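Engineer: The structure under discussion is supplied below as structure tokens; questions concerning it will follow.
The values are calculated or read from the model by the stated rules, or taken from the named source; none is laboratory data. In this text the structure is predicted, and so the values were computed from the model without any measurement. Methodologically, a virtual Cβ is constructed for each residue, glycine included, from the backbone with ideal geometry; neighbour enumeration extends over all protein chains shown.
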Amino acid sequence: MLAHKGRFVLKLEGVDSIDDAERYRGLELRIAEEDLAPLPEGSYYHHELRDLRVEDPQGVALGTVADLLETGAGTILVVRGPRASCSSPRRGVREAGGGGGGAAGGRAAGVPAPSGAARAH
């Protein structure tokens, strides 16, 4: 796979011409979870953060991660719930629990980032 004009180009087995490739234009490429490359500790794929419970540092529930938005400045968590706010995973997620279904963070705009904050991919 290589980058070309702001897009990724890859070769698919059995797709040997531009005409063959045209029928796949606009489709979404998905990779099975078991085939994903491992990430460094403290980093998470977007799908691992969706639907997690978000708590403030005292353990009070703020809501759940509804979506992640890519911006020029980074990734924003969209948290839905009675006490929800948006937060950057890079600055606000201290930990994410796979089995327990929770993420601790709750950083509001202007609050300093905790050390060892997570990154979303």
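Engineer: Applying the selection to segment 16-48, what residues are under 22 Å from residue 71 (Cβ atoms) and either in contact with a Gly (Cβ under 8 Å, 6 or more places away or on another chain) or among the aromatic types (Phe, Trp, Tyr) (or both)?
Structural biologist: Answer for segment 16-48, where residues must be under 22 Å from residue 71 (Cβ atoms) and either in contact with a Gly (Cβ under 8 Å, 6 or more places away or on another chain) or among the aromatic types (Phe, Trp, Tyr) (or both): 42, 44, 45, 48.
Engineer: Further question on the same structure: Among the residues of segment 13-29, which ones are hydrophobic (A, V, I, L, M, F, W, C) and in contact with a Leu (Cβ under 9 Å, 6 or more places away or on another chain)?
Structural biologist: Step one: filter segment 13-29 for residues hydrophobic (A, V, I, L, M, F, W, C), giving 15, 18, 21, 27, 29.
21, 29 - these are the residues of segment 13-29 that are hydrophobic (A, V, I, L, M, F, W, C) and in contact with a Leu (Cβ under 9 Å, 6 or more places away or on another chain).
Engineer: A further question on this structure: When only residues in segment 1-60 that are surrounded by 10 or more Cβ atoms within 10 Å (Cβ to Cβ), at pLDDT 85 or above and among the hydrophobic types (A, V, I, L, M, F, W, C) count, which is nearest to residue 82 (Cα to Cα)?
Structural biologist: 52
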